[in-house]
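Written below as structure tokens is the structure these notes are about.
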């Protein structure tokens, strides 16, 4: 590594130092030591923490994309219990995998994970470098680096939203994508690459928060250019919309219809039939959010729509059906009144 880590800034705020920020080799060493010491002491207990199985690390990393840790914890346990190895996942039907993923959203992740497991089985084992992991279906640079560093100890850095925020505050400006990866790799502790990467993400997740960072608890705050608030960005206004569905039930069965295979969201998943012309009062009304839209959802009791194809499913068999998260939420509300 070069004698200095050149994190040179064009600082825009007069409240910040006017000179560029440069970390010496000693400061980089201090950063690594303090961060890893903090991580060893303060890391959260998570079901995938300490894992070295590349398959289980891959499952956790894909689940954590755009999903809160609290939601992923229990779903991860259930998923790896049902599919404990790549071989088991590779042999499963797509609808079975989607059913196990139901409620996590962004179902393309599940399809990509399924396809990746099939490819690993074809190869006879997991690729062990970030470059070779990139060849698996649906695996991007971040996920490849995470698996390679945590499972195999390859000295490659990761850059996600949490890491970018840490680097932003350390350098004093928003770095380009290329700069983020360069600086992250220069800071990386190569002998403990997996732990260092997890520590960087952990720091951004629990201390270097978007709105009000907990600088007093930060192990590397003395090396940071920006302290306190200053990285938060205005969130785009969320869209509002309404949805209407028909709930048709017969004995202990419910009628479901399947979304088209080429739908941009939740392709091939099962849901209640949409209701084009609702009449009367809804059986229930609830709120649901998908990507950037907040929906007000009205569910009407009724007969099976004549123009809609689908199937009748017994309530006790619903766990084996690839339901959309909204449909699962609706049907869960029915259980107390069955």
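The values are calculated or read from the model by the stated rules, or taken from the named source; none is laboratory data. Since this is a predicted model, take the numbers as computed values, not measurements. Note: ideal-geometry Cβ built from the backbone for every residue, glycine included; neighbour counts use all protein chains shown.
Taking the criterion of being free of Cβ contacts under 8 Å to residues at least 12 places away in the same chain and part of a loop (DSSP other than H, G, I, E, B), the residues of the range 34-50 that qualify are 45, 50. A count restricted to the range 276-288 and to residues that are part of a loop (DSSP other than H, G, I, E, B) and either modelled with pLDDT of 85 or more or under 15 Å from residue 324 (Cα atoms) (or both) stands at 3.
Of all residues in the range 51-69 being without any contact (Cβ under 8 Å) to a residue 40 or more places away in the chain and either part of a loop (DSSP other than H, G, I, E, B) or under 8 Å from the mean Cα position of the chain (by Cα) (or both), which is surrounded by the fewest Cβ atoms within 10 Å (Cβ to Cβ)? Among them, the one singled out is 68. Filtered by the rule that a residue be free of Cβ contacts under 8 Å to residues at least 60 places away in the same chain and crowded, with 20+ Cβ neighbours inside 10 Å, the range 118-128 gives a lone residue, 127. Does the range 21-28 include one or more residues that are in a helix (DSSP H, G or I), outside the structural domain of residue 126 (by TED's automatic domain parsing) and either at pLDDT 95 or above or touching a helix residue (DSSP H, G or I) at 6+ places or on another chain (Cβ under 7 Å) (or both)? Within the range 21-28, one or more residues are in a helix (DSSP H, G or I), outside the structural domain of residue 126 (by TED's automatic domain parsing) and either at pLDDT 95 or above or touching a helix residue (DSSP H, G or I) at 6+ places or on another chain (Cβ under 7 Å) (or both). Quick check: is even one residue across the range 190-200 more than 21 Å from residue 25 (Cβ to Cβ), free of Cβ contacts under 8 Å to residues at least 12 places away in the same chain and part of a helix (DSSP H, G or I)? Checking the range 190-200: not a single residue is more than 21 Å from residue 25 (Cβ to Cβ), free of Cβ contacts under 8 Å to residues at least 12 places away in the same chain and part of a helix (DSSP H, G or I).
Taken across the range 289-300, residues that are within 23 Å of the chain's Cα centre (by Cα), modelled with pLDDT under 90 and either assigned by TED's automatic domain parsing to the domain that holds residue 101 or surrounded by 15 or more Cβ atoms within 10 Å (Cβ to Cβ) (or both) do occur, with at least one present.
So which residues in the range 305-321 are in a loop (DSSP other than H, G, I, E, B) and over 13 Å from residue 274 (Cβ atoms), if there are any at all?
306, 321
Which one of these is over 15 Å from the mean Cα position of the chain (by Cα) and touching a residue at least 24 places away in the same chain (Cβ under 8 Å): 99, 131, 92, 115?
99
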